[in-house]
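Written below as structure tokens is the structure these notes are about.
The values are calculated or read from the model by the stated rules, or taken from the named source; none is laboratory data. Note that the structure is a prediction, hence the values are computed from the model and not measured. Please note: Cβ atoms are built from the backbone with ideal geometry, for glycine as well, and neighbour counts cover all protein chains shown. Accessible surface areas use protein heavy atoms only, side chains included; no ligands, DNA or RNA. Shrake-Rupley method; radii C 1.70, N 1.55, O 1.52, S 1.80 Å.
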4 protein chains.
Amino acid sequence: MIIQLDMQSELPIYTQLVNQIIEGIASGRLKPGEPLPSVRSLASDIGINLHTVNKAYTLLKQEGFILVHRQRGVVINPDSMPEITKAYMGKMRGELRPIVAEAISRGMSQEQLLQEMEQIYQEITQTDKEYD
Amino acid sequence: MIIQLDMQSELPIYTQLVNQIIEGIASGRLKPGEPLPSVRSLASDIGINLHTVNKAYTLLKQEGFILVHRQRGVVINPDSMPEITKAYMGKMRGELRPIVAEAISRGMSQEQLLQEMEQIYQEITQTDKEYD
Amino acid sequence: MIIQLDMQSELPIYTQLVNQIIEGIASGRLKPGEPLPSVRSLASDIGINLHTVNKAYTLLKQEGFILVHRQRGVVINPDSMPEITKAYMGKMRGELRPIVAEAISRGMSQEQLLQEMEQIYQEITQTDKEYD
Amino acid sequence: MIIQLDMQSELPIYTQLVNQIIEGIASGRLKPGEPLPSVRSLASDIGINLHTVNKAYTLLKQEGFILVHRQRGVVINPDSMPEITKAYMGKMRGELRPIVAEAISRGMSQEQLLQEMEQIYQEITQTDKEYD
DNA sequence: GTGGTCTAGACCACT
DNA sequence: GTGGTCTAGACCACC
């Protein structure tokens, strides 16, 4: 798992970590049951504080993406991913809405916008298949 | 222009203001050249601090959505909206990516996701046409 | 709001804080919309670190007992308390079960046990009514 | 004696073990004088560390639920179960209190709550009577 | 060794 | 002044 952090980003480090791990799951690079590095080792690997990693793991655990197994350590949830709940859909639409609004106000067509999303979808899912 | 703020949101108030004004533009409710309330009146109308409105207007001005005349006050940019620059596309893709990734990891299909975006696009653009 | 912490307890400080605030809500001493002290002031009042208070508040926020209002600070959720969800019932039963099992193995009758719970229920709800 | 451990639980494994053995006693599946597996065999049976089983047995012995004979091995205390001491009642009430408080704050009535406890009591005591 | 908790001190964004 | 974030160093419980 390669983690790329942007220390200048407005996004908190722990959020970037969460995003990258979720993208890892979405892409198939991180498979159910697969172990994640310990907070300490990941923190020292990417040169941040262990508490920052801990916060990211805690959030991922709360949402159900990962779990802490007493014997195997931190692993991608082997049983199931979080569901598409109403709460999630609400959150997702709330995040999407201002992005779409700005695109419209800049004159982007619906087709262009959908194409962008489609391309991102493809980029994420069709990651190098050497991992399968 | 009706402004709906969520004081419990994680989004800063000034960001919510910016988003709503941009959505107003996208929907056609706010037309080029149309005046916006003064910092002072908007702030007192919605019960927030002057600085907060000021920050929102400043950001909108920087991106080119509005113009601030000393005499004529604040108006929606009558000449042109911000362009679809490379910088903008990069920003937009960066925001879209984690949303798409989470949707994928929760098992949402590309079709579902595109449909969601299409619906949001429609919701914004086909706002009540009494404004035209 | 008087907070009583037991620094020798096996329960983490932030858990004790969470419990006491929830009991404050249950008893009516803390009413919907009522403000809670800031993390800093509460921390210094009870002589603990502000991060510990922060963790307690974060948990209460996640479960919906409190919310952080951008203007009014931290307040008891004025609209609604968390629901009696399936997840909550599962959690509650899982906590209750070992308590009941031990009581049975020590020879406590169902009546005694129910009476204990009833008394606790009464103790919490019939707190000194000077607060109403 | 079937032991069900949840390796993702927040409860330590040894606590889960203790709880399940006490519930076994409460239900009548484990009777006074009945032998329990040796530390070694139980550990290997359920795939956990020797120390973990040892810790559970030590706690059960300290509270008086089991006896550990050098020759006859581990047995459920044949003479008596732990008493309903003041210390125990204090501990029990302390555990019950936050559970009751949360139930109240979520709007659960005293009747509902008592009913829940009654049902758990019944579930534990009216276990399949083939064991009698 | 692991994750979990607590403390301490610092900076920043927001209002 | 508020909450949010990050760092640092420490101790403990668990396995």
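For segment C:59-70: of the residues being free of Cβ contacts under 8 Å to residues at least 40 places away in the same chain, touching a helix residue (DSSP H, G or I) at 6+ places or on another chain (Cβ under 9 Å) and within 12 Å of DNA strand E (Cβ to nearest atom), which is farthest from A:THR58 (Cα to Cα)?
Step one: list which residues in segment C:59-70 are free of Cβ contacts under 8 Å to residues at least 40 places away in the same chain, which gives C:61-64, C:67-70.
Adding the requirement that they be touching a helix residue (DSSP H, G or I) at 6+ places or on another chain (Cβ under 9 Å) leaves C:62-63, C:67-68, C:70.
So of that shortlist, the ones also within 12 Å of DNA strand E (Cβ to nearest atom) come out as C:68, C:70.
Values: C:VAL68: 20, C:ARG70: 25 Å.
Applying the filter and picking the extreme gives C:ARG70.
B:GLU111 passes every criterion in (1) assigned by TED's automatic domain parsing to the domain that holds B:THR125; (2) in a helix (DSSP H, G or I); (3) surrounded by 13 or more Cβ atoms within 10 Å (Cβ to Cβ) apart from (3). A:LEU42 fulfils the conditions (1) away from chain B (no Cβ under 14 Å); (2) on the phi > 0 side of the Ramachandran plot except for a single criterion, (2).
Exactly one residue out of C:ARG93, C:ARG70 is outside the structural domain of C:GLN20 (by TED's automatic domain parsing) and open to solvent by 60 Å² or more (accessible area, probe 1.4 Å), and it is C:ARG93.
Given the condition in contact (Cβ under 8 Å) with a residue 12 or more places away in the chain, among the small types (Gly, Ala, Ser) and within 16 Å of DNA strand E (Cβ to nearest atom), answer yes or no: does some residue in segment A:43-51 qualify? No, that holds for no residue.
Which ones in segment D:89-100 are at the interface with another protein chain (Cβ under 7 Å from one of its Cβ atoms) and closer than 17 Å to D:GLY64 by Cα? Please lay out each step first, then the result.
Just the residues of segment D:89-100 that are at the interface with another protein chain (Cβ under 7 Å from one of its Cβ atoms), to begin with: D:92-93, D:95-100.
The one that is at the interface with another protein chain (Cβ under 7 Å from one of its Cβ atoms) and closer than 17 Å to D:GLY64 by Cα: D:MET92.
For C:GLN62, the conditions (1) surrounded by 14 or more Cβ atoms within 10 Å (Cβ to Cβ); (2) closer than 26 Å to D:GLU95 by Cα all hold with the exception of (1). When every residue of segment D:111-121 is checked against the conditions, at least one turns out to be facing chain C (nearest Cβ under 7 Å) and aromatic (Phe, Trp, Tyr). Of all residues in segment A:70-83, one or more are among the β-branched types (Val, Ile, Thr), in a strand (DSSP E or B) and out of contact with any His (no Cβ under 7 Å at 6 or more places or on another chain). Which of the numbered conditions does C:GLU118 fail, given that it passes all the others? Conditions: (1) assigned to a helix (DSSP H, G or I); (2) open to solvent by less than 70 Å² (accessible area, probe 1.4 Å). Going through the list (1) assigned to a helix (DSSP H, G or I); (2) open to solvent by less than 70 Å² (accessible area, probe 1.4 Å), C:GLU118 breaks only (2). All conditions but one from (1) under 30 Å from A:LYS31 (Cβ atoms); (2) of a type in the set (S, T, N, Q); (3) more than 8 Å from chain A (Cβ to nearest Cβ) apply to B:SER105; the one that does not is (3).
What about C:ASN77, is it touching a Leu at 6+ places or on another chain (Cβ under 9 Å) and either touching a residue at least 12 places away in the same chain (Cβ under 8 Å) or surrounded by 13 or more Cβ atoms within 10 Å (Cβ to Cβ) (or both)? Against the criterion (touching a Leu at 6+ places or on another chain (Cβ under 9 Å) and either touching a residue at least 12 places away in the same chain (Cβ under 8 Å) or surrounded by 13 or more Cβ atoms within 10 Å (Cβ to Cβ) (or both)), C:ASN77 qualifies.
Here B:ALA56 passes the criteria (1) assigned to a loop (DSSP other than H, G, I, E, B); (2) more than 10 Å from chain A (Cβ to nearest Cβ); (3) not aromatic (Phe, Trp, Tyr) except the one numbered (1).
Taking the residues in segment D:1-30 that are touching a residue at least 60 places away in the same chain (Cβ under 8 Å) and not hydroxyl-bearing (Ser, Thr, Tyr) as candidates, determine which candidate is farthest from DNA strand E (Cβ to nearest atom). Ranking the candidates gives D:GLY28 first. Residue count for segment B:31-84 under the criterion of being within 16 Å of DNA strand F (Cβ to nearest atom) and among the aromatic types (Phe, Trp, Tyr): the result is 0. Looking across A:LEU96, A:LEU67, one residue alone is part of a helix (DSSP H, G or I) and among the hydrophobic types (A, V, I, L, M, F, W, C). It is A:LEU96.
Scanning segment A:1-47 for residues that are open to solvent by 40 Å² or more (accessible area, probe 1.4 Å), farther than 16 Å from B:GLU95 by Cβ and outside any loop (DSSP other than H, G, I, E, B) yields a total of 8.
Determine whether B:ILE84 is touching a residue at least 24 places away in the same chain (Cβ under 8 Å), under 20 Å from A:GLY107 (Cα atoms) and either touching a Pro at 6+ places or on another chain (Cβ under 6 Å) or facing another protein chain (nearest Cβ under 9 Å) (or both).
Details: touching a residue at least 24 places away in the same chain (Cβ under 8 Å): no; under 20 Å from A:GLY107 (Cα atoms): yes; either touching a Pro at 6+ places or on another chain (Cβ under 6 Å) or facing another protein chain (nearest Cβ under 9 Å) (or both): yes.
In short, no.
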